[in-house]
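Chemist: Sharing a structure, written as structure tokens. Questions coming.
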Amino acid sequence: MKIRMMAAVLAASVAIPFGAAKATDLEVTHWWTSGGEAAAVAELAKAFDATGNHWVDGAIAGSGSTARPIMISRITGGDPMGATQFNHGRQAEELVQAGLMKDLTDVATAGKWKEIIRPSTLLDSCTIDGKIYCAPVNIHSWQWLWLSNAAFQKAGVAVPKNWDEFVAAAPALEKAGIVPLAVGGQGWQASGAFNVLMIAIGGKDNYLKVFKDKDAKVAAGPEIAKVFKAADDARRMSKGSNVQDWNQATNLVITGKAGGQIMGDWAQGEFQVAKQVAGKDYTCLPGLGVNEIISTSGDAFYFPLQKDAEKAKAQDVLAATLLDPKTQVAFNLKKGSLPVRGDVDISAANDCMKKGLDILSKGNIVTSSDQLVSPDTTKQIEDLFAEFFANTTMTPDAAQKRFTDIIAAAD
């Protein structure tokens, strides 16, 4: 079984329609270990514990690419956790097809998930052969450029309003001893930045032709060549980042050592922990200030089959708790993500989160690449961009050729 993914997460709850007969310990695995992520996970754990059950934290240090193989190995090896985190999309597809995941259709029906979860593609990603196998908990979008206002003030240039202005400001930042663009050394960070450039520079239509339609001709064409030119600019601007983890790169922005970072809205959690204020200490540009579109990726929880009947009941409780309105608000305010429920009060959101909510309300969204291509294809793209950012001798043309070959063979 060539499944490449996943790790699980700690859960939370309030009053729900599925009462547990007695308190049950449920291990939840996940890779949320940064400061902002840990604060968000604590909200899930608190909500689940409030049901009389107990959330057993199974955090795994490192990114999803580190955690997922461990999670999958446990599930396929007969040592399943109670619940586990995956991203929206196809990461758990083979586990479901192998009959290793719990069917949540009854829980979803009781909770009216089809009515409250939006966009509907999030629940579609949980649905296989008409049955629902996961509980979406948030909407995370990659489409953000986070900027340090202090860094640009020190460099003596205005805070950019779009990608072109950011690129133009790079020499001034470098002269002031500031790394223009912070990019961690893991492949998923580089490929994520490229995907953001795909939508911002290449446009939504070309993005979908490449990732949804697997159109190799478009991937090899002049519009995507512009994206690779922008990726080359990003590579040049990121020289000197010298960090591995995404939150370390975010910290370079928080401390003014880097001008900006292309990263998902989970970065907001780090800014909050550092007590920085959106619009005052940092600036956020959805769609890089070019195309204000957000991708509807994020996190969902899957529930491996359990032999213990009490643990199986507790799984239902946790699944329902994750979609409870209070849990949705408390978790997402700490996580920096948007709630998957369209009927909750999110008035406490900061300026950047409100920008995301406004874009979502206008329907300016696009399906995440995780939902459009297989984990194997995703890993090939990550490997390509890890090499591209690390090896400055690889030309944009050569990288585009390899990318086109990956898309041509994508599933």
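Chemist: Suppose the filter is out of contact with any strand residue (DSSP E or B) (no Cβ under 6 Å at 6 or more places or on another chain), open to solvent by 30 Å² or more (accessible area, probe 1.4 Å) and more than 30 Å from N291 (Cβ to Cβ); does R74 pass it?
Modeler: yes
Chemist: Scan the range 247-288 residue by residue and report those that are open to solvent by less than 10 Å² (accessible area, probe 1.4 Å) and either in a loop (DSSP other than H, G, I, E, B) or of a type in the set (D, E, K, R) (or both).
Modeler: Answer for the range 247-288, where residues must be open to solvent by less than 10 Å² (accessible area, probe 1.4 Å) and either in a loop (DSSP other than H, G, I, E, B) or of a type in the set (D, E, K, R) (or both): M263, G264, D265.
Chemist: Still on this structure, I have one more. Kindly indicate the residue of the range 320-344 that is in a loop (DSSP other than H, G, I, E, B) and of a type in the set (A, V, I, L, M, F, W, C) and also surrounded by the fewest Cβ atoms within 10 Å (Cβ to Cβ) among those meeting that condition.
Modeler: Per the criteria, the residue is V344.
Chemist: Among (1) more than 21 Å from G221 (Cα to Cα); (2) touching a residue at least 24 places away in the same chain (Cβ under 8 Å); (3) aliphatic (A, V, I, L, M); (4) in a loop (DSSP other than H, G, I, E, B), where does A410 come up short?
Modeler: The one condition A410 does not meet is (1).
Chemist: Can you name every residue in the range 207-225 that is farther than 13 Å from S369 by Cβ and without any contact (Cβ under 8 Å) to a residue 40 or more places away in the chain?
Modeler: K217, V218, G221, P222, E223
Chemist: Looking for whichever is of a type outside the set (F, W, Y), outside any helix (DSSP H, G or I) and within 16 Å of the chain's Cα centre (by Cα) here; the options are G89, G52, G78. Which one fits?
Modeler: G89
Chemist: Give the residues of the range 84-141 that are β-branched (V, I, T) and more than 19 Å from N332 (Cβ to Cβ), sorted by residue number.
Modeler: T84, V96, T105, V107, T109, T127, I128, I132
Chemist: Check off (1) within 15 Å of L305 (Cα to Cα); (2) surrounded by fewer than 16 Cβ atoms within 10 Å (Cβ to Cβ); (3) modelled with pLDDT of 95 or more for T29 and give me the number that stays unchecked.
Modeler: All conditions are met except number (2).
Chemist: Follow-up. Take T109 and decide whether it is at pLDDT 95 or above and in a helix (DSSP H, G or I).
Modeler: So T109 passes the test.
Chemist: Output the residues belonging to the range 340-375 that are closer than 21 Å to E93 by Cβ and either touching a strand residue (DSSP E or B) at 6+ places or on another chain (Cβ under 6 Å) or of a type in the set (G, A, S) (or both).
Modeler: Of everything in the range 340-375, those that are closer than 21 Å to E93 by Cβ and either touching a strand residue (DSSP E or B) at 6+ places or on another chain (Cβ under 6 Å) or of a type in the set (G, A, S) (or both) turn out to be V340, V366, S368, S369, D370, S374.
Chemist: Related question: Between T84, T76, T51, T66, which is at pLDDT 95 or above, farther than 20 Å from A314 by Cα and not small (G, A, S)?
Modeler: Criteria check complete, one pass: T76.
Chemist: In the set S347, S295, which member is open to solvent by less than 10 Å² (accessible area, probe 1.4 Å) and of a type in the set (S, T, Y)?
Modeler: Step by step, each of S347, S295 is checked, and only S295 is open to solvent by less than 10 Å² (accessible area, probe 1.4 Å) and of a type in the set (S, T, Y).
Chemist: So which of D358, D405 is more than 17 Å from S141 (Cα to Cα) and in a helix (DSSP H, G or I)?
Modeler: One residue alone meets the criteria, D405.
Chemist: Within the range 345-355, track down each residue that is of a type in the set (D, E) and in a helix (DSSP H, G or I).
Modeler: D351
Chemist: Go through (1) exposed (fewer than 15 other Cβ atoms within 10 Å of the Cβ); (2) touching a residue at least 12 places away in the same chain (Cβ under 8 Å) for T121 and report which single condition fails.
Modeler: With (1) exposed (fewer than 15 other Cβ atoms within 10 Å of the Cβ); (2) touching a residue at least 12 places away in the same chain (Cβ under 8 Å) applied to T121, the lone miss is (1).
Chemist: Please tell me if E37 is under 25 Å from the mean Cα position of the chain (by Cα), within 26 Å of K112 (Cα to Cα) and assigned to a helix (DSSP H, G or I).
Modeler: The answer is no for E37.
One line per residue, one yes/no per condition, for (1) out of contact with any His (no Cβ under 7 Å at 6 or more places or on another chain); (2) touching a residue at least 40 places away in the same chain (Cβ under 8 Å); (3) aliphatic (A, V, I, L, M):
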residue: E37; (1), (2), (3): yes, yes, no
residue: A40; (1), (2), (3): yes, yes, yes
residue: A45; (1), (2), (3): yes, no, yes
residue: A59; (1), (2), (3): no, yes, yes
residue: S63; (1), (2), (3): yes, yes, no
residue: M71; (1), (2), (3): yes, yes, yes
residue: D79; (1), (2), (3): yes, no, no
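Chemist: Which residues, counting only those in the range 168-191, are assigned to a helix (DSSP H, G or I), modelled with pLDDT of 95 or more and within 30 Å of V373 (Cα to Cα)?
Modeler: If the condition is that a residue be assigned to a helix (DSSP H, G or I), modelled with pLDDT of 95 or more and within 30 Å of V373 (Cα to Cα), then Q189, A190, S191 are the ones that fit.
Chemist: Does W142 count as of a type in the set (F, W, Y), closer than 23 Å to L288 by Cα and crowded, with 16+ Cβ neighbours inside 10 Å?
Modeler: Yes.
Chemist: Next up: Looking at the range 293-308, which of the residues that are part of a loop (DSSP other than H, G, I, E, B) and of a type outside the set (S, T, Y) is farthest from P80 (Cα to Cα)?
Modeler: So, considering only residues that are part of a loop (DSSP other than H, G, I, E, B) and of a type outside the set (S, T, Y), the one farthest from P80 (Cα to Cα) is I293.
The values are calculated or read from the model by the stated rules, or taken from the named source; none is laboratory data. These figures come from a predicted structure and were not determined experimentally. Don't worry about glycine lacking a Cβ; one is built from the backbone with ideal geometry, like all the others, and counts go over all protein chains shown. In case anyone asks, the SASA skips ligands and DNA or RNA and just uses the protein heavy atoms, side chains included. Shrake-Rupley method; radii C 1.70, N 1.55, O 1.52, S 1.80 Å.
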